[in-house]
1. May I ask you to list the residues of the range 150-167 whose amide nitrogen lies under 14 Å from a point 7 Å from Cα along the Cα→beta-carbon direction of S120?
2. For the chain, what is the accessible area per residue in Å², given a 1.4 Å probe and the full set of protein chains?
3. When the chain is fully extended, how far beyond the present Cα-Cα distance does E193 get from A159, taking 0.36 nm per residue of separation?
4. How many lysine pairs are close in the chain, with Cα atoms under 23 Å apart and the two 8 or more places apart or on different chains?
5. Based on DSSP H runs of at least 4 residues, each adding -39500 (n - 2.57), what is the mean residue ellipticity at 222 nm of the chain after dividing by all its residues, to the nearest 500 deg cm²/dmol?
6. Could I get the Rg over Rh figure for the chain? Both from C-alpha atoms, Rh via Kirkwood, rounded to two places.
7. Please list W200, W81 in order of solvent-accessible area, largest first, computed with a 1.4 Å probe with all protein chains present.
8. From the phi angles alone, apply the Karplus equation (6.51, -1.76, 1.60; θ = phi - 60°) to the range 157-169 and give each ³J(HN,Hα) in whole Hz, x where the residue is Gly or Pro.
Amino acid sequence: MKFVFFGAPGAGKGTMAARAAESFGLPHISTGEIFRAAMRAGTPLGLRVKAVIESGGLVSDELTVGLVRERLAEPDAAGGWLLDGFPRTMAQAEALAGFCPEDYVIDLEVSDAKVVERLSGRRMCRGCGRSFHIHLMPPAVAGVCDDCGGELYVRDDDAESAVRSRLENYYRQTAPLVDFYKRRGTLVAVDGEGRADEVWAVLRERMRGLIESGKA
Ligand code: AP5
(Lines give C-alpha, C1' and ligand atoms only; values in the text may rest on other atoms or scores of the structure.)
Protein backbone atom coordinates (compact mmCIF):
# COMPACT_ATOMS: atom_id res chain seq x y z
CA MET A 1 0.00 0.00 0.00
CA LYS A 2 1.19 3.55 -0.76
CA PHE A 3 1.11 6.15 2.03
CA VAL A 4 2.10 9.81 2.03
CA PHE A 5 3.03 11.24 5.47
CA PHE A 6 1.92 14.84 5.42
CA GLY A 7 2.08 17.73 7.90
CA ALA A 8 3.90 20.85 9.03
CA PRO A 9 7.64 20.86 9.79
CA GLY A 10 8.05 19.04 13.11
CA ALA A 11 4.61 17.39 12.93
CA GLY A 12 6.30 14.03 13.49
CA LYS A 13 6.29 12.72 9.89
CA GLY A 14 9.78 11.25 10.12
CA THR A 15 9.23 9.77 13.59
CA MET A 16 5.91 8.14 12.68
CA ALA A 17 6.98 7.01 9.20
CA ALA A 18 10.02 5.25 10.72
CA ARG A 19 7.77 3.33 13.13
CA ALA A 20 5.29 2.51 10.36
CA ALA A 21 8.09 1.28 8.08
CA GLU A 22 9.25 -1.11 10.77
CA SER A 23 5.73 -2.32 11.65
CA PHE A 24 4.36 -2.73 8.15
CA GLY A 25 7.54 -3.61 6.24
CA LEU A 26 7.32 -0.74 3.75
CA PRO A 27 10.28 1.39 2.60
CA HIS A 28 10.47 4.82 4.28
CA ILE A 29 11.37 7.39 1.63
CA SER A 30 12.12 10.84 3.06
CA THR A 31 13.06 13.55 0.58
CA GLY A 32 14.55 15.62 3.43
CA GLU A 33 16.76 12.67 4.46
CA ILE A 34 17.82 12.02 0.84
CA PHE A 35 18.92 15.66 0.59
CA ARG A 36 20.67 15.62 3.99
CA ALA A 37 22.55 12.39 3.11
CA ALA A 38 23.68 14.01 -0.15
CA MET A 39 24.84 17.11 1.76
CA ARG A 40 26.76 14.97 4.29
CA ALA A 41 28.46 13.10 1.45
CA GLY A 42 29.20 16.32 -0.47
CA THR A 43 27.70 14.95 -3.70
CA PRO A 44 26.73 17.29 -6.59
CA LEU A 45 23.08 16.96 -5.43
CA GLY A 46 24.08 17.90 -1.87
CA LEU A 47 26.07 20.93 -3.00
CA ARG A 48 23.19 22.04 -5.21
CA VAL A 49 20.53 21.96 -2.45
CA LYS A 50 22.59 22.99 0.63
CA ALA A 51 21.94 26.75 0.62
CA VAL A 52 18.21 26.50 -0.02
CA ILE A 53 17.68 23.84 2.67
CA GLU A 54 19.73 25.63 5.32
CA SER A 55 17.73 28.82 4.80
CA GLY A 56 14.42 26.94 5.14
CA GLY A 57 13.39 27.26 1.47
CA LEU A 58 12.10 24.54 -0.85
CA VAL A 59 14.15 22.65 -3.42
CA SER A 60 12.82 23.05 -6.98
CA ASP A 61 9.88 20.92 -8.07
CA GLU A 62 11.76 19.71 -11.13
CA LEU A 63 14.67 18.31 -9.13
CA THR A 64 12.52 16.84 -6.34
CA VAL A 65 9.96 15.21 -8.61
CA GLY A 66 12.70 13.64 -10.75
CA LEU A 67 14.41 12.25 -7.67
CA VAL A 68 11.20 10.76 -6.20
CA ARG A 69 10.17 9.31 -9.52
CA GLU A 70 13.51 7.48 -9.80
CA ARG A 71 13.36 6.30 -6.18
CA LEU A 72 9.82 4.89 -6.53
CA ALA A 73 10.94 2.91 -9.57
CA GLU A 74 13.44 0.93 -7.45
CA PRO A 75 12.53 -2.71 -6.74
CA ASP A 76 11.93 -2.29 -2.98
CA ALA A 77 9.13 0.20 -3.69
CA ALA A 78 7.21 -2.13 -6.00
CA GLY A 79 5.03 -3.45 -3.14
CA GLY A 80 4.22 -0.05 -1.65
CA TRP A 81 5.95 2.79 0.20
CA LEU A 82 5.82 5.51 2.84
CA LEU A 83 6.65 8.93 1.42
CA ASP A 84 7.74 11.50 4.04
CA GLY A 85 8.05 15.17 3.06
CA PHE A 86 6.78 14.75 -0.50
CA PRO A 87 4.65 16.15 -2.05
CA ARG A 88 4.76 19.65 -0.62
CA THR A 89 3.63 21.78 -3.58
CA MET A 90 0.66 21.45 -5.93
CA ALA A 91 3.00 20.69 -8.84
CA GLN A 92 4.54 17.80 -6.86
CA ALA A 93 1.11 16.46 -5.83
CA GLU A 94 -0.13 16.52 -9.41
CA ALA A 95 3.05 14.84 -10.65
CA LEU A 96 2.76 12.02 -8.08
CA ALA A 97 -0.92 11.52 -8.92
CA GLY A 98 0.18 11.04 -12.52
CA PHE A 99 3.11 8.63 -12.18
CA CYS A 100 2.35 6.70 -8.96
CA PRO A 101 -0.91 7.64 -7.21
CA GLU A 102 -1.08 7.39 -3.43
CA ASP A 103 -3.60 5.17 -1.61
CA TYR A 104 -3.75 7.34 1.52
CA VAL A 105 -2.35 10.59 2.86
CA ILE A 106 -1.76 10.59 6.63
CA ASP A 107 -2.15 14.20 7.74
CA LEU A 108 -0.51 14.67 11.16
CA GLU A 109 -2.27 17.70 12.63
CA VAL A 110 -0.29 19.80 15.14
CA SER A 111 -0.36 23.40 16.40
CA ASP A 112 2.37 25.95 15.59
CA ALA A 113 3.31 26.04 19.29
CA LYS A 114 4.00 22.29 19.20
CA VAL A 115 6.10 22.68 16.03
CA VAL A 116 8.32 25.27 17.72
CA GLU A 117 8.65 23.16 20.90
CA ARG A 118 9.62 20.05 18.91
CA LEU A 119 12.05 21.66 16.47
CA SER A 120 13.83 23.73 19.11
CA GLY A 121 14.83 20.55 20.98
CA ARG A 122 15.38 18.16 18.09
CA ARG A 123 18.68 16.29 17.71
CA MET A 124 19.46 14.20 14.62
CA CYS A 125 21.87 11.29 14.25
CA ARG A 126 24.74 11.88 11.80
CA GLY A 127 24.95 8.15 11.18
CA CYS A 128 21.42 6.88 10.54
CA GLY A 129 19.28 10.05 10.46
CA ARG A 130 17.05 9.07 13.42
CA SER A 131 15.63 12.03 15.32
CA PHE A 132 15.47 12.56 19.08
CA HIS A 133 14.30 15.40 21.31
CA ILE A 134 16.28 16.58 24.32
CA HIS A 135 13.14 16.62 26.52
CA LEU A 136 10.31 14.81 24.69
CA MET A 137 12.25 11.81 23.26
CA PRO A 138 15.74 11.87 24.80
CA PRO A 139 18.37 9.30 23.83
CA ALA A 140 19.56 6.91 26.57
CA VAL A 141 22.97 8.66 26.56
CA ALA A 142 23.04 12.41 25.83
CA GLY A 143 24.44 13.19 22.39
CA VAL A 144 24.57 9.54 21.22
CA CYS A 145 22.13 7.68 18.94
CA ASP A 146 20.36 4.72 20.61
CA ASP A 147 20.29 2.79 17.32
CA CYS A 148 23.75 3.16 15.77
CA GLY A 149 25.86 5.01 18.36
CA GLY A 150 26.27 7.95 15.95
CA GLU A 151 26.80 11.54 17.09
CA LEU A 152 23.66 13.68 17.51
CA TYR A 153 23.61 17.19 16.01
CA VAL A 154 21.28 20.19 15.57
CA ARG A 155 19.99 20.64 12.01
CA ASP A 156 20.94 24.02 10.47
CA ASP A 157 17.33 24.47 9.36
CA ASP A 158 16.12 24.14 12.98
CA ALA A 159 17.55 27.63 13.69
CA GLU A 160 14.75 30.03 14.65
CA SER A 161 14.82 32.09 11.42
CA ALA A 162 14.80 28.97 9.22
CA VAL A 163 11.91 27.45 11.20
CA ARG A 164 9.92 30.65 10.63
CA SER A 165 10.53 30.46 6.91
CA ARG A 166 9.69 26.71 6.79
CA LEU A 167 6.37 27.38 8.54
CA GLU A 168 5.60 30.24 6.11
CA ASN A 169 6.37 27.96 3.17
CA TYR A 170 4.20 25.25 4.69
CA TYR A 171 1.14 27.50 4.98
CA ARG A 172 1.67 29.10 1.57
CA GLN A 173 2.63 26.09 -0.56
CA THR A 174 1.92 22.83 1.28
CA ALA A 175 -1.21 23.25 3.46
CA PRO A 176 -3.42 23.90 0.37
CA LEU A 177 -2.79 20.26 -0.63
CA VAL A 178 -5.18 19.19 2.15
CA ASP A 179 -8.12 20.23 -0.05
CA PHE A 180 -6.56 18.51 -3.07
CA TYR A 181 -6.35 15.19 -1.16
CA LYS A 182 -9.82 15.64 0.38
CA ARG A 183 -11.19 15.90 -3.15
CA ARG A 184 -9.32 12.72 -4.13
CA GLY A 185 -10.81 10.96 -1.08
CA THR A 186 -7.40 9.84 0.21
CA LEU A 187 -6.90 12.17 3.21
CA VAL A 188 -6.75 10.56 6.68
CA ALA A 189 -6.45 13.15 9.47
CA VAL A 190 -4.64 12.04 12.65
CA ASP A 191 -4.18 14.15 15.78
CA GLY A 192 -0.38 14.52 16.05
CA GLU A 193 -0.34 16.71 19.15
CA GLY A 194 0.12 14.01 21.82
CA ARG A 195 3.20 12.15 23.02
CA ALA A 196 4.91 9.98 20.39
CA ASP A 197 3.65 6.69 21.85
CA GLU A 198 0.07 8.02 22.03
CA VAL A 199 0.11 9.28 18.44
CA TRP A 200 1.67 6.04 17.22
CA ALA A 201 -0.90 3.85 19.02
CA VAL A 202 -3.75 5.61 17.20
CA LEU A 203 -1.94 5.80 13.88
CA ARG A 204 -0.90 2.13 13.93
CA GLU A 205 -4.53 1.04 14.30
CA ARG A 206 -5.71 3.39 11.56
CA MET A 207 -3.03 2.13 9.19
CA ARG A 208 -3.67 -1.49 10.09
CA GLY A 209 -7.38 -1.00 9.30
CA LEU A 210 -6.59 0.67 5.96
CA ILE A 211 -4.14 -2.08 4.98
CA GLU A 212 -6.56 -4.84 5.99
CA SER A 213 -9.45 -3.23 4.07
CA GLY A 214 -7.19 -2.84 1.02
CA LYS A 215 -6.49 -6.58 1.03
CA ALA A 216 -10.19 -7.51 1.13
P1 AP5 B 1 12.18 17.54 5.83
O2 AP5 B 1 13.25 16.76 6.50
O3 AP5 B 1 11.08 16.82 5.15
O4 AP5 B 1 11.66 18.60 6.87
P5 AP5 B 1 10.19 18.99 7.36
O6 AP5 B 1 9.05 18.66 6.49
O7 AP5 B 1 10.34 20.42 7.75
O8 AP5 B 1 9.97 18.04 8.51
P9 AP5 B 1 10.87 17.79 9.70
O10 AP5 B 1 11.90 16.76 9.37
O11 AP5 B 1 11.38 19.08 10.29
O12 AP5 B 1 9.82 17.27 10.78
P13 AP5 B 1 9.01 15.93 10.89
O14 AP5 B 1 7.57 16.21 10.64
O15 AP5 B 1 9.64 14.80 10.16
O16 AP5 B 1 9.17 15.73 12.46
P17 AP5 B 1 10.12 14.74 13.28
O18 AP5 B 1 9.55 13.38 13.23
O19 AP5 B 1 11.56 14.93 12.94
O20 AP5 B 1 12.82 18.50 4.73
C21 AP5 B 1 13.92 19.34 5.04
C22 AP5 B 1 14.13 20.31 3.90
O23 AP5 B 1 14.42 19.59 2.68
C24 AP5 B 1 12.92 21.18 3.54
O25 AP5 B 1 12.82 22.33 4.37
C26 AP5 B 1 13.23 21.54 2.08
O27 AP5 B 1 14.21 22.52 1.99
C28 AP5 B 1 13.81 20.24 1.56
N29 AP5 B 1 12.75 19.36 1.01
C30 AP5 B 1 12.36 18.16 1.52
N31 AP5 B 1 11.35 17.65 0.79
C32 AP5 B 1 11.09 18.55 -0.19
C33 AP5 B 1 10.13 18.60 -1.24
N34 AP5 B 1 9.22 17.63 -1.41
N35 AP5 B 1 10.14 19.70 -2.05
C36 AP5 B 1 11.02 20.69 -1.89
N37 AP5 B 1 11.95 20.71 -0.89
C38 AP5 B 1 11.98 19.64 -0.05
O39 AP5 B 1 9.85 15.32 14.75
C40 AP5 B 1 10.32 16.59 15.15
C41 AP5 B 1 10.84 16.50 16.61
O42 AP5 B 1 9.77 16.21 17.50
C43 AP5 B 1 11.88 15.40 16.84
O44 AP5 B 1 12.77 15.89 17.81
C45 AP5 B 1 11.08 14.22 17.40
O46 AP5 B 1 11.86 13.46 18.27
C47 AP5 B 1 9.96 14.95 18.15
N48 AP5 B 1 8.65 14.29 18.05
C49 AP5 B 1 8.05 13.82 16.95
N50 AP5 B 1 6.81 13.38 17.23
C51 AP5 B 1 6.63 13.60 18.55
C52 AP5 B 1 5.55 13.40 19.43
N53 AP5 B 1 4.37 12.89 19.05
N54 AP5 B 1 5.70 13.78 20.71
C55 AP5 B 1 6.86 14.31 21.12
N56 AP5 B 1 7.92 14.55 20.33
C57 AP5 B 1 7.80 14.19 19.06
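The values are calculated or read from the model by the stated rules, or taken from the named source; none is laboratory data. This is a predicted model, so every value here is computed, not measured. Counting neighbours? That spans all protein chains shown, and the Cβs are built from the backbone with ideal geometry, glycine included. In case anyone asks, the SASA skips ligands and DNA or RNA and just uses the protein heavy atoms, side chains included. Shrake-Rupley method; radii C 1.70, N 1.55, O 1.52, S 1.80 Å.
1. Output list for this probe position: 158-164.
2. Averaged over the residues of the chain, the accessible area is 48 Å².
3. Working: separation 34, 0.36 × 34 = 12.24 nm, distance 2.17 nm.
Fully extending the segment from E193 to A159 adds 10.1 nm.
4. Working: K2/K13; K2/K182; K2/K215; K13/K50; K13/K114; K13/K182; K182/K215.
Lysine pair count for the chain: 7.
5. Values: 9 runs with 103 residues, N = 216.
Roughly -14500 deg cm²/dmol at 222 nm, from the helical runs in the chain.
6. Numbers: Rg = 16.4 Å, Rh = 17.6 Å.
When Rh is taken as the Kirkwood radius, the ratio is 0.93.
7. On the way: W200 25, W81 0 Å².
Order by accessible area, largest first: W200, W81.
8. 7, 9, 5, 3, 5, 6, 5, 4, 6, 5, 5, 4, 4
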